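Comments concern the structure below.
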Amino acid sequence: MPLVDAFDLGPHGQNVSPSLIEDFLSQGYVICDVCDRPALDQLRREIVTAAAKAIDQPGPTDDGAFLDGIHQVLPVEKLNAVRLGLYHEINSRAWFRPTYFRLGRAMLETLVGNELAMQNRINFSIQMPGDKTSLLDLHADVFSGETPYQVVQWLPLVDVKATKSMFILPRPKSEAVIARLAEFSDGGMRALYEEIKRDLIWLDIPYGKVLIFCPNFLHGNVVNDEATTRWSLNCRFTGLFTPYDSPEKALGQFYLPITVRPTTRLGMAYRQPGGFRE
């Protein structure tokens, strides 16, 4: 079974695209193949099994088709209760966070560093066609106290594109409009969305690929106007020694260390002796 119960400190042995850093810096996001496709397939299988049990459905033979069509067997008014149940159940499993990290590890270590902290829970998003209760309007995470020194790993469990996916305003245009944010104080984020909607990039991400993006830039989603349901996971990663901007989103609370190197462990264990003069 490709799921793992602990974070691996060994070399990841994965090659990344030579343009990964350039693309990330220029646009604020990259879309890559996951580092371990069998692990992704097994992770999805575990989620599908738990979801089918939660709604009293038999185990499906086609995991993707089951997730795409969940709206045909689950009323939208019961969606959030099922989503929260899956969130708590899957996050309680020891393999979940290490396996999720493994899926993007090569890119994360290239873009962020090899001593990392990871969000303590992985978020679930399920967006049925036409559902207006599962929206995440235009925003940037730094507006709500998140550290600017982080990335989000956003993983679809089905093929996503257009309104079934998410949108992002790439770095150059996002930085320009954020510098003018005070101009939109009267109309709020709705006025800002109308200003920039023609420049938004709707991300096309087939199952088997992962999005890593900088949440300092404007992003969000809208009502899913496609024929099938979106399932996605997302989780934040940051450098272990990054500045943390709020007590609620600090190391040991919102973030937990995952890849702590031996020298760091020794340094953290050191205590300066008292009453000693050299």
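The values are calculated or read from the model by the stated rules, or taken from the named source; none is laboratory data. The model shown is predicted, which means the values in this text are computed figures rather than measured ones. For neighbour counting, all protein chains shown are included, and Cβ atoms are generated from backbone atoms with ideal geometry for every residue, glycine included.
A few notes on this one:
- Residue in the range 61-115 that is farthest from residue 262 (Cα to Cα), counting only those that are of a type in the set (Ser, Thr, Tyr) and either in contact (Cβ under 8 Å) with a residue 12 or more places away in the chain or buried (at least 19 other Cβ atoms within 10 Å of the Cβ) (or both): 87
- Residue in the range 171-190 that is in contact with a Phe, Trp or Tyr (Cβ under 7 Å, 6 or more places away or on another chain) and among the β-branched types (Val, Ile, Thr) present: no
- Subset of the range 206-227 that is among the β-branched types (Val, Ile, Thr) and out of contact with any strand residue (DSSP E or B) (no Cβ under 7 Å at 6 or more places or on another chain) - its residue that is farthest from residue 193 (Cα to Cα): 223
Conditions tested, residue by residue: (1) surrounded by 18 or more Cβ atoms within 10 Å (Cβ to Cβ); (2) under 21 Å from the mean Cα position of the chain (by Cα); (3) in a strand (DSSP E or B); (4) modelled with pLDDT of 95 or more.
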| site | (1), (2), (3), (4) |
| --- | --- |
| 135 | no, yes, no, no |
| 143 | no, yes, no, no |
| 147 | yes, yes, no, no |
| 152 | yes, yes, yes, yes |
| 155 | yes, yes, yes, yes |
| 163 | no, yes, no, yes |
| 182 | no, no, no, no |
| 190 | no, no, no, no |
| 195 | no, no, no, no |
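- Flag not set for residue 246, criterion: crowded, with 20+ Cβ neighbours inside 10 Å and small (Gly, Ala, Ser).
- Residue selected from the range 21-49 under the condition crowded, with 16+ Cβ neighbours inside 10 Å and either at pLDDT below 95 or among the small types (Gly, Ala, Ser) (or both), by the criterion farthest from residue 217 (Cα to Cα): 39
- Residue in the range 116-133 that is nearest to residue 209 (Cα to Cα), counting only those that are part of a loop (DSSP other than H, G, I, E, B) and not hydroxyl-bearing (Ser, Thr, Tyr): 122
Here is a yes/no grid of residues against (1) in a strand (DSSP E or B); (2) of a type in the set (Lys, Arg); (3) under 30 Å from residue 15 (Cβ atoms); (4) under 13 Å from the mean Cα position of the chain (by Cα):
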| position | (1), (2), (3), (4) |
| --- | --- |
| 84 | no, no, no, no |
| 101 | no, no, yes, yes |
| 106 | no, no, yes, no |
| 109 | no, no, yes, no |
| 114 | no, no, yes, no |
